Structure formats: structure tokens, C-alpha cells
């Protein structure tokens, strides 16, 4: 199933699983909930905690009530999670990815008018394959001093991500999809990825398909990012390019992100850290989580609410009167949130 | 000390079974290694035949041939004592005869100047990238690129001065791929202790030579714990032998984000092959594009010079609009390597005067000049400085 998937037929509120996260997570989640309330968005939040627990058989898993809530609502909004060091279990993000088979990571990067960066008019989307590639985690020591890491590319995963990319382009009125690769060096693996993209492109003749080497994309991206539209690529290149594009518009504090899984599951998240040094001090910037929530509304087909909240947010930033510290001001998170709530109500 | 640990690891690999038997051989081998490591300047190949050097020239595809013709034109005009031995490599052929001839020529002459050879990926996977083959056969383990903001070129960021040292032979470019099950392809990324130590050593030595303060290692060791973890560990070991230089590390995705917002924070960067590809292209884009930055590939015995971003530029070939700066500056790097410093400086100054004072720019940096106009200007400036030149 593509597109939105949790429309309640009787018109009641849509349920969304909310994972506040750690550090500044709870306060920015509260900010987002307040803004949604001011916008009267038909969303019912179900808060859950995803700290890993050891399940039967000794395998780490997310708590069953969190999984049950996600399976039912199909849509999730997640704040930043603490990376465990020596906790004995893998990263929470990895666990979530495996549990819900989140195969596509989507990051729309749009220049925020009012938050000046050297790059203006950026309007592109990076779609990254999120399950295999260089991050399979398969490494061996062959002999002492020689290490081998395996990059895995499969036909199925490549086809799936290519199909998602073209569907996204079609559903969001984007005109072209560019596959990013290094098939001149990694002939078989990136060659397979490229072949699958080409095959899927045949079924989407209304969307223009181009291919470009990773190095050429990087070179052109920092000189003229306006030439790019939708980019689809394997895991590692996606990791690097999506962060590069986030840097173009102002960093992780203002970049939304969404993870699409099989069975219609979608989890939208802010990709910045937990910022433990400012946690609980009402100084955090909720923009990233808010824009991810807007992405979520659009995914669910609630474009009006999404546009309203996004306009209010951008107007507040453009006005420059109540900006948080990382955006260049010295207001509190609650003041920033209140301003957006006021604008949302005025827009009604 | 880094050299000692290198000797130890070599001995561990060479004599796992023979214990002390090969000890003497290893000691001799080890000292040769150490003495090579301590040499700051490689001796250039001797000038034969009346003080003239012979350099292999590989035209390549796309804009390569025309730009290298311009380099030859400028060299001939400035009476540079270099003769070029031209070796053509046909990228459309499946046999490796052409590239092997080129490699033999470089072994003979010791130095080469090349354009990029296209890799057609419609060919079967057994036909490997010719450029890669050249680099690995000659063991050109260090790719060095110096990105500097030029006053005459308008860019979004100013005051950039970054040296990028990229491991050039292994990592993701090992070309080891197989398809065990139909539809599932595995590609191997190899990181070895030897090569990581070698490149780290090169980076720190170069940093010290050029008086740079900080070396940053770029990696993804949080995900590739063994592979990039080994690379990072080797860098740390080498760093301990250079207490005057600060060493830090940064994850590659954060690095690209920092590069597009605050590139002035970086000094010298060292990294494995693929991240080097990404970072060097980002930096080249930041200072003005692929037409401006030269690159060098150094091995123990050979050196090959080319443009830093290795573009074929097929779409602008033979149109007289390509920017000759990168290739000309690569030629100057080559002259410095051959210890022909006066010629190198005079050509380099002429290029910078054309770019920064005369502001004669080609289309890629926002101007309307043609390639030949830029080259003529360079030659005119060299002549005006009063040096010996051939007829115009």
C-alpha cells in the first residue's frame, strides 16, 4: 500500500504513535502536540517508550506495547533517541528499522526563507535505501591487519527503493528522479542497483530518469543545488548525501525526515541528537520535529493542516522575533511554540 | 614510533612460522622501509639526454586530449626541458594491452601526466576501470589535493585552505565483487593495517613539511567498526609520533555537513578511498569547480599528475570552453616534482595573474573566455616577465 494508510472511515481522529525520545525529546514533542492542538488537527497521540528489552530467546526487541501501537496506527512520530554505549543492545534506531522493515529514508530539503545559509532555493528530496548496502554490518578480519567489510546489494531491495522513489515523485508532483551510483568502480553491485532503477523507470514514463556518479553529484550539489530534484541511492551514499543536503539548508536542527516501511508503516523523526546539555531548560528548537510532523500529515493526505502549520512555522522564523538560540535568537522554546500556535490560529 | 610498529607488523606477516629464522632478512627489509619512510623528498627520476626529462603523457578521453595539448603548448613556449612520450589508451577495447603499455611507459619514465580514461559500464564487469588499474598497478597510494580559495573566483565560501590526502589503492575500490546467489551481489571493501599506516604517515609528514597545524581523519567507524576502526586506530598510532600536530577525527556525514557550512575549520584531512572521493569533490566544488584544482597521485617510485576531480567532461569536449587551469596547474605540480621549480613558478604565477588580476575566466567560473584565450594570456604573461621563450 502506498500513500496514506490510516484514514479512519468514520472521520474520527487518526491515531499516531508518539515516541518522545530522550534529552530534549519530551519538550519538543510537547511543543508539537501544542501546535497540533492549536491547528485543531485530527490527530490522537499515543505515547510509547521504545527502550529495548530482552525478549524470549534472549533477543533484544522493542517493548510489545510500542510494537502493538505502531502496528495498529501505522504512523509514528519519533524524537531523538540516546545512543547506548555498553548497554549491551544495538542502537534503538537499528532495532526500529529491523522491526518494521523501514526500507526507505526520505529527507526533503527545502531552503527555509528567513534562515539564511549560503545556499538559497534548495528544493530536493533524498531517498536512501535503508536496509542493506554498506551498512549490512558484515565484517571479518581475514588475517591480522587485513579487514574486509561486505557491501550487499540485492535485486529486491533495489527494485523496492526505486519503485518507492518513482511513486513519491509521482505523488508529490516532482519532475525527475536521479539515481546516484558509482558503477564505474563497483561494476556489479552499483550496476545491479542501476539496472533495477532503469527497469522501474520504464513503468513511470511521466517522470524523467537520469543517472549520475556520486562524485559528480557532490561536485554539482555544492555549486548549484537547484539542478537536483529527487535523488535515489544505496545506503552509504544516501547517508552522506542526505547530511550534505541538510547542511545546505541549515543543519539537522531544521531538517525533517521520514522512514517508510513495508506493510504501510511510516515513522517520521527528527534526526538531530538528544542535546543533553540543554535538556529540560526550555531552550530546544522544535522545528525539525515539527517539519517531520508536517511531512507526516502530508503522507496521511491531510495537506491542508500540513500547509497551515508549515506556513506558521516559516512565518515565525522569517519574522525573527522569537527565535531559539540555534536559529540566532535568544527566546525560549515555549515562546517560539506559542508564536507558532498564535499564527496557526490566525490562519484559520 | 610509527616506523617501528610498521616494521613489527611487517615481520608478523612475513614470518608467522619461521620465528627468528628470517629475522635478519626482516631487519634489513625493515631498515629499508624505515629509511624510505624518513625520506621527506623523493628523488625525481634523473634527467637524461642533455638535461631533458621524459614524461609519459596519457591523453585519455573527453577534454583530456585538448587540455594536454595546451599544456604541451605552454611548456614548449616556455622552453621547459621536458619531452612527452604519448601513450594512447582506447577505452572502447576490452583487452588490457593499452593500459599495460601505459603502465610500462610510466615505469620507464617515473612520472606521468594524464587525462581521465572513460569507463563504459555497458561493458562486462570483468573490464575494470582503467584509471583504477593504473593506480593499483603502480601502487600510487596517496592522492593529494590542495583546495584553496582563489581571490579572482567568486564562491559562496571564502578563505578555504584544505589539503586532502586520500588512500588511493584499496578500500571500496578493490574491485572484488561476486554474485553468489542470483540477485544478490557482494562487494568487498578491504582495509589493511599496512596501507592505513602508510597513508597516515604520508599525511602527517606532508602536514609537517608544509607547516600545517591539524590533521583530521574522516571515517565511519561507528557503523563499520572493524574496517574504519582499523583505519582510525592506525591514524592515532601515527599521530602519537607527531606531537606538534593536532589530530582529531570526524564522521563522514558530519564532515560533509560541516564542509558546506563552515569549511574554514578544516586544515589537513586524511581518509580512505571512497570518502576521499566524496570529500575531494565537495571541496573542489566549494572553491570554484572541477576546472580549477589539480591533483597528484604519489607512490613510492612513481608519480602521476591529473586534474583533482578526474572528470572526462565529454559534454564540453572540443568546444574550446573547458577550463585549462586544473590541467596546467597539474603540469606545474609535475615540474615541481622534477625539481624544475623556476619553470613551475613562472607558469603558476602567469595562471594566477590571468585568473585574479586580468579576470579572464572560462564559462565554468562565470566568464566568457575561451580555453585558447586563457592559454594565450598565460603565455603572454610568461613572455612579459623576460624569460627565454620560443616563438609565439
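Going through segment A:23-59 one residue at a time, which ones are more than 21 Å from residue A:265 (Cα to Cα), modelled with pLDDT under 90 and either in contact with a helix residue (DSSP H, G or I) (Cβ under 6 Å, 6 or more places away or on another chain) or not in a helix (DSSP H, G or I) (or both)? A:53, A:54, A:55, A:59, listed by residue number.
For segment B:217-226, the candidate set comprises residues that are buried (at least 18 other Cβ atoms within 10 Å of the Cβ) and within 9 Å of chain A (Cβ to nearest Cβ); within that set, the residue that is nearest to residue B:158 (Cα to Cα) is B:220. Just one of the listed residues (A:287, A:274, A:226, A:210) is buried (at least 24 other Cβ atoms within 10 Å of the Cβ) and either more than 9 Å from every other protein chain (Cβ to nearest Cβ) or more than 24 Å from residue B:314 (Cα to Cα) (or both), namely A:287. Against the test of being assigned to a helix (DSSP H, G or I), within 12 Å of chain B (Cβ to nearest Cβ) and closer than 24 Å to residue A:318 by Cα, the options A:243, A:190 yield a single qualifying residue, A:243.
Filtering segment A:130-149 to residues that are touching a strand residue (DSSP E or B) at 6+ places or on another chain (Cβ under 8 Å), facing chain B (nearest Cβ under 7 Å) and surrounded by fewer than 18 Cβ atoms within 10 Å (Cβ to Cβ) leaves A:141, A:146.
One line per residue, one yes/no per condition, for (1) at pLDDT 95 or above; (2) more than 26 Å from residue B:112 (Cβ to Cβ):
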position	(1), (2)
B:296	yes, no
B:300	no, no
B:306	yes, no
B:316	no, no
B:327	yes, no
B:357	no, yes
B:382	no, no
B:385	no, yes
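Scanning segment B:260-275 for residues that are within 9 Å of another protein chain (Cβ to nearest Cβ) and assigned to a strand (DSSP E or B) yields nothing. Among the residues of segment A:95-112, some residue qualifies, meaning at least one is surrounded by fewer than 16 Cβ atoms within 10 Å (Cβ to Cβ) and not in a helix (DSSP H, G or I). Looking across segment B:61-93, the residues that are in a helix (DSSP H, G or I) and touching a residue at least 24 places away in the same chain (Cβ under 8 Å) come down to B:64, B:65, B:66, B:67, B:68, B:70, B:71, B:73, B:74, B:75, B:76, B:77.
If the condition is being within 9 Å of chain A (Cβ to nearest Cβ) and free of Cβ contacts under 8 Å to residues at least 24 places away in the same chain, then segment B:227-241 contributes only B:229. Out of A:177, A:200, one residue alone is within 30 Å of residue B:156 (Cα to Cα), modelled with pLDDT of 95 or more and either surrounded by fewer than 19 Cβ atoms within 10 Å (Cβ to Cβ) or in contact with a strand residue (DSSP E or B) (Cβ under 9 Å, 6 or more places away or on another chain) (or both). It is A:177. Flag: residue B:257 matches the condition of being farther than 19 Å from residue B:166 by Cβ, within 14 Å of chain A (Cβ to nearest Cβ) and crowded, with 19+ Cβ neighbours inside 10 Å.
Checked against the criterion of being more than 12 Å from chain B (Cβ to nearest Cβ), crowded, with 24+ Cβ neighbours inside 10 Å and part of a strand (DSSP E or B), the candidates A:161, A:127, A:153 yield just one match: A:127.
Any idea which of B:96, B:167, B:118, B:172 is without any contact (Cβ under 8 Å) to a residue 60 or more places away in the chain and more than 19 Å from residue B:329 (Cβ to Cβ)?
Answer to the selection: B:96.
Taking strands (runs of 3 or more DSSP E) as the structural unit, those lying wholly within segment B:141-190 and holding at least 1 residues that are facing chain A (nearest Cβ under 9 Å) correspond to B:171-181.
The values are calculated or read from the model by the stated rules, or taken from the named source; none is laboratory data. Just so we're clear, the structure is a prediction, and the values are computed from it rather than from any experiment. Cβ sites come from the backbone with ideal geometry, for glycine too, and all protein chains shown count toward neighbours.
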